[in-house]
Amino acid sequence: MTNSLQLLKNALVLTVAAATVLATAGLTAFAPAQVSAASYGDLIIGETLSTVYYFGSDGQRYSFPNEKTFFSWYEDFDDVVEITDEELADITLAGNIVYRPGLHWIKITSDEKTYAVARDGSIHWIESEEVAEGLAGSDWNQFIDDVPDVFFVDYTVGDSLTSADAGYEGMLWTDGTDTYLVWDGELRMVSDLDDNRFQAGFVLDGTGFDMDSYPMGDDIDGELAYLTDTAQMVEDDSYAETQDITVSLSSSSPSASTLVAAQGIAHLASFDFENNSSDAVLVTNLALNRGGVSSDSTLSNVYLFDGWLRASDAATVSSGVVTWNDAGGLFEIPAGGTATIDIRSDILTGTSGQTVSVSLDPDDVSYSGAYASTGSEIEGAEHTIATVTNFATVSFATTTSPSSDGAPEPQDDLRLWENTVSVANNEVDLYALRYRNIGSIDGDDLGNWRLYIGGVNYGDAVEGQDSNGYFAFDLSDDPVQINTGSHVFKVIADVEGGSTRTVTVGLRNAADAVFVETDYDQPVLVKANSTTFSARDATAQTIASGDITFTKATDSPSGDIVNDASNQTLASYDVRATGEAMKIESLNFHVIEDDSDTGYSLANGGIFVDGTQVGSTADLCGNDTTTAAECTAVTGSAASYTSYTFGSSFVVYPGSPVTMEVRADINDGDSTGADDVEAKDTIQVNIDITGLSSNVYRMTSGSYITRPAADVAANTLTVKVGSLTVAKNTSYAAQTVVVPKTAYKVGSWTINSTVTEDVTLTSFDVDFDADDDSGVALATADYTNLYIEYGPADDMTTSTTKGTVTTANSWSVDYDLTAGETIYVNAYADVLSGASDGVDGDDWINAELDVAGTAPASGTSISESDVVGQVITYYNAGTYTTAVAGSTPVARAVAGGQEVEAAEFRISAENEDYEILEVKIGVDSAAEAGVISQANLYDSDDVLLGSAVFDQSSNLAALFTGLHVDVASNTSETLTVKLVLNAIGTGAGAPQHNLDITLDQTKYADSAGVQTTQVVARAGNEIRAYNSIPTVAHVDLTNSTLVNGQAIDVYKFTVTADAAGEIALKQLRFPITWTDGDVDTLEMESWELYKNGTNVSDNSTAVVIQDNAGADIEDATGVVEANTDVYVIWDTSEEVISAGETVTYTLRATPSGFDSDSDPGDEDYFTIYLAGDTANHNSNGGTVGLTDVCLDDTGSGDIWTLGDTAAIGTDCTTAGTGSSAYNFIWSDMSLSGHDGTETTAADWANGWLILNLNLDGETWSK
């Protein structure tokens, strides 16, 4: 760990030559102990000079003022280390060494006082000889050395020593047997003086020191660095080991480039400084070597940059070397991190053709603390300088505004710097601007710096300036392009304080304005008034004396306030100081009330600042009061007030606004005994400036002002007492229910307290008046076990139960209802069966609620009576119904081997709660049941209720038992049936069956447990099951105008086979329509079919395209206006699409004869789409999906049909009455013997229920 400097000796630095020190000591010469690199804690000397220095742990050297100081630390020069003069010069001279603590006492010639030297150069006057003798014994005067007056400033004077009892820090003392050191508030025994260079002749032995003054610490039995460190900076037991800093050429260092003569801050190289330690490290010295074919003056001003911001002052090159020194740190390398430093330089004009580079020897870098870098010299790239005639120029104007001291008041958005910048020859990009405030204002008094160019804000706001007054706008992430011409640059800030101090903002260095030429990508050397840049400073602005404002706070109380309540906040004000701290010594207030009472006041008024009372309590006077006892000033007629004085307790500081509250009791403070404060009064607090003068003191500028300058009124408040609102709970509607019922909710209400004050509820009454029932229902006869619950919905309190119900049923309670709170009151009772004799709706009862309570703050009694609750209508029976739900699936085709939703059924309960116990569903045939593996039943939340198989009634029904599905009164429940389908095909279920599910019956129980079986058939929609199914989709085309003779894609679609299996296509029909706007001969010729972009119909007999008459249209004959259809036929076999595959088909044709005269208004149109079928194929008397389907080529031309064996024979070659040329002939390829020729395979089907058919059409025109 790096040892930190505890005390920097900022004294006059004088070096005492070692020869002088030695000569005084009687020595004439000495030889250094070694010639090598020094370590921290060494005595060092150069090669030629004879001065001896101490090499501190901060990497700096310290001189000895005289030989006595030296010998307080050392006995001789045996351990002096010689280093080279260059190495010595690289080590900064930081200050003087002071006497070693505890050993010697000192005095100066101009002061007779004798001082004991303690730790860190702290000295303490020994006030008497008695104290001196108590510390050092009778020979105390032998311990005193004279220190020249000029070095006395190296010491810090501490408390005087008036007694020897406790000694002092650093004192070395012996009791005659052992030696002790006073250190860090402990007494520590020293085993061996030599270990830490203690000298026996300097040990005190006075008897006045009391060892018991300190606790005993650890023995000192070895060398400790914090004791031997001559500069007194080390805090650890040992000197820190030197840690390495790794220096390397940064990856961001520029490659060889062309620089521009006379440009600014050219990027020469970048170096990385890597610090792997756990502490930040400062670079205090850095030297670079110039390279290339150039002179020292070529690099006219060299800078260190951190990114785009200048990190050093300009340095010049001397004998090929440029050096920076700063004991406070040139830049910082973060702990465990890397600092990248750019080397930039202005380029001298007239240097075209020269080359420049820089290199860095890691040995030429010095650091704070025990850090070093070594290695070979690191060279940056070499750059060539050229002359450019059209390089951009940037010049700041002569005048910088504000040009005179406007003595501005503290304010937001204060303009502090403005200049007009002229750009010529070419555009530039602004990367950064760095300003400095050199005024006397404290940096904490202003901030939120913003940059405007041409009235537009650029970059992020800068929170504040650094310790040197700098603030920078780094725009490098999004540089601002500045076009040629003049542009107004403006800097504004928010000024909170700084009264009587100055703000002087300036652009101090040309390198702080980074403009990069857009064509050459090189920074421009900015100018001022078209010549060499000089600082562009605005005139110092002296911040005006402070002020203070009082503003009604946005959250100042409004609305109602409770009568007779204590310590109520009546007003809230935001109080803000600007410029300087402001002390408010007094303020006047009065309260405006609507009755113009002349004896009005509010008791115990007080002023509170940020929650703490300032000043004394006093009645708050009414503005019209004429009674002197309650007011400071009594003139009546809106001019009376109470004054509150604050002394020094009410101070407001700039940037730290406070909240001032006015509080009082809401009752009359006068002494007449009559209370003028009444409910419905309106009151308003006002800061009254009547009689107010010089009440605010400016604590910096030292003058008084009167504030506020005008009355500041708070919100008007209305004095009220608490009240209740009791209402029927609208979230619980009127009920219709079947009797009997247990613990049934017979009424529900809400109770709300106004926001004025809390209310304590004391009683609830649930009443049943003569007009609160109808029919045979009567509360006193049909209700028993009546009780209530009350409180918030999630924390209800239950009352006692009244077994017998009367017309008035009361409960005493003690419930605190807070202001603005809403609670519920629910009444419950057992309802007997006698409450209804039918289902005519004539039997009903409603309850009424009475509530009583008190408002504690105002002492008001509150009540609400006869609030009618819900009408509860009673029936002696409910209604249970079933229906097909509106959300049941539509008719569709599905693939086998999966679970599919078949139907949804809605079960409704009216006036009664029911529980569904069993559900029975059915299909039309055992063959259909054979396609189904099992049926699953789900509730409204898609939770599985049960599973069943079709094994009831000859495999036509499935029964779900053991159900417990609740259907609450006047609600419904939706049950969903899903079918798990078997694989379909040979050896499994046959294809094309309609699996339309029917709800055959349900068994249910009512709330009394009575079970009923309802047999009412509810049929779901058609579901055709196949092994796999196609999904067809239209692909929309861009319908451009037809061009006769030019082939176009007229229709495009996709066919996707379900993942369950492959499918086959046989024939597709595309209906076409024509609109002939004129007497034209319209024709679509040369039809082609493309599959995934490949023509599959050209010169093919396998795929043919024909019209509705069976004529080929793939040639020039095409289709004409008389034709109504286009057929695509896979004639010799079939088109197979693999499971999960999607195929894109495109029909292409060439138009002819469209709009032959091209006259507007008589355009011709052609429309085409892919058609589905309107019903499933049914053979004549055969069984669908088994053995009777014929795929036969008996239609016109090559058009195929579906028929049946009963009509056309088992060879499927003869046309029959059952044959139809369907629009969409396809197969799920599920049966053995399937092929695409004339066949009796029963797995061919039409386009009934195929998803998306009919497809959208395409319309073409010309």
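A few points about this structure:
- Of all residues in segment 111-141, those being under 60 Å from the mean Cα position of the chain (by Cα) and without any contact (Cβ under 8 Å) to a residue 40 or more places away in the chain number 1.
- Hits in segment 1079-1108 - residues which are loosely packed, with under 15 Cβ neighbours inside 10 Å, over 60 Å from the mean Cα position of the chain (by Cα) and either touching a residue at least 24 places away in the same chain (Cβ under 8 Å) or within 17 Å of ILE1048 (Cα to Cα) (or both): THR1081, ASP1098, THR1101, ALA1102
- THR578 vs. criteria in contact with a helix residue (DSSP H, G or I) (Cβ under 8 Å, 6 or more places away or on another chain), buried (at least 22 other Cβ atoms within 10 Å of the Cβ) and touching a residue at least 40 places away in the same chain (Cβ under 8 Å): no
- Selection within segment 245-262: residues that are of a type outside the set (Gly, Ala, Ser) and more than 40 Å from the chain's Cα centre (by Cα). The member of this set that is surrounded by the fewest Cβ atoms within 10 Å (Cβ to Cβ) is THR258.
- Scanning segment 152-173 for residues being surrounded by fewer than 21 Cβ atoms within 10 Å (Cβ to Cβ), touching a helix residue (DSSP H, G or I) at 6+ places or on another chain (Cβ under 9 Å) and not in a loop (DSSP other than H, G, I, E, B) gives a total of 1.
- Residue in segment 920-934 that is out of contact with any Phe, Trp or Tyr (no Cβ under 9 Å at 6 or more places or on another chain), among the charged types (D, E, K, R) and more than 30 Å from THR736 (Cα to Cα) present: yes
- Residue in segment 928-936 that is under 20 Å from TYR880 (Cβ atoms) and part of a strand (DSSP E or B) present: no
Each row is one residue, and each column tells you yes or no for (1) among the hydrophobic types (A, V, I, L, M, F, W, C); (2) assigned to a strand (DSSP E or B); (3) touching a strand residue (DSSP E or B) at 6+ places or on another chain (Cβ under 6 Å); (4) at pLDDT below 95.
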position: GLU223; (1), (2), (3), (4): no, no, no, yes
position: ALA240; (1), (2), (3), (4): yes, no, no, yes
position: PRO254; (1), (2), (3), (4): no, no, yes, no
position: GLN263; (1), (2), (3), (4): no, no, yes, no
position: PHE271; (1), (2), (3), (4): yes, yes, yes, no
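- Restricting segment 861-880 to residues that are among the small types (Gly, Ala, Ser) and in a strand (DSSP E or B) leaves a set whose member that is surrounded by the most Cβ atoms within 10 Å (Cβ to Cβ) is GLY869.
- Identity of the residue in segment 1116-1141, part of a loop (DSSP other than H, G, I, E, B) and of a type in the set (Asp, Glu), that ends up surrounded by the most Cβ atoms within 10 Å (Cβ to Cβ): GLU1134
- Just one residue in the set ALA381, ALA370, ALA327 is more than 24 Å from PHE471 (Cβ to Cβ), among the small types (Gly, Ala, Ser) and buried (at least 20 other Cβ atoms within 10 Å of the Cβ); that residue is ALA370.
So that you can scan it fast, the table gives a plain yes or no per residue for (1) at pLDDT 95 or above; (2) outside any strand (DSSP E or B); (3) buried (at least 24 other Cβ atoms within 10 Å of the Cβ):
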residue: ALA571; (1), (2), (3): yes, no, yes
residue: ASP574; (1), (2), (3): yes, no, no
residue: CYS621; (1), (2), (3): no, no, yes
residue: THR659; (1), (2), (3): yes, no, no
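- Scanning segment 941-983 for residues that are of a type in the set (S, T, N, Q) and surrounded by 15 or more Cβ atoms within 10 Å (Cβ to Cβ) gives GLN952, ASN955, SER969, ASN970, SER972, THR974, THR976, ASN982.
- Selection of first residues in segment 358-382 that are without any contact (Cβ under 8 Å) to a residue 40 or more places away in the chain and of second residues that are of a type in the set (Ser, Thr, Tyr), restricted to Cβ pairs under 9 Å at least 6 apart or on distinct chains, gives the following pairs, ordered by first then second residue: ASP363/SER373; ASP363/THR374.
- Segment 91-106, residues that are under 57 Å from the mean Cα position of the chain (by Cα) and either at pLDDT 85 or above or buried (at least 20 other Cβ atoms within 10 Å of the Cβ) (or both): ILE91, LEU93, ALA94, GLY95, ASN96, ILE97, VAL98, PRO101
- Members of segment 707-730 found to be among the small types (Gly, Ala, Ser) and within 20 Å of ASP850 (Cα to Cα), listed by number: GLY722, SER723, ALA727
- Considering residues of segment 1179-1209 that are surrounded by fewer than 16 Cβ atoms within 10 Å (Cβ to Cβ) and touching a strand residue (DSSP E or B) at 6+ places or on another chain (Cβ under 9 Å) only, the residue modelled with the highest pLDDT: SER1196
- Qualifying residue in segment 277-300 (condition: closer than 24 Å to GLU517 by Cβ, of a type in the set (Val, Ile, Thr) and over 43 Å from the mean Cα position of the chain (by Cα)): yes
- Of all residues in segment 562-604, those being over 38 Å from the mean Cα position of the chain (by Cα) and among the small types (Gly, Ala, Ser) number 7.
- THR69, sole failed condition from (1) in a helix (DSSP H, G or I); (2) closer than 27 Å to ASP120 by Cβ; (3) at pLDDT below 90: (3)
- Check on THR1144, at pLDDT 95 or above, more than 30 Å from THR1237 (Cβ to Cβ) and either assigned by TED's automatic domain parsing to the domain that holds SER1196 or assigned to a strand (DSSP E or B) (or both): no
- Test for GLY506: is it under 25 Å from ILE347 (Cα atoms), in a strand (DSSP E or B) and either at pLDDT 95 or above or β-branched (Val, Ile, Thr) (or both): yes
The values are calculated or read from the model by the stated rules, or taken from the named source; none is laboratory data. Please read these numbers as outputs of a predicted model, since none were measured by experiment. Note that each Cβ is placed from the backbone with ideal geometry, even for glycine, and that neighbours are counted across all protein chains shown.
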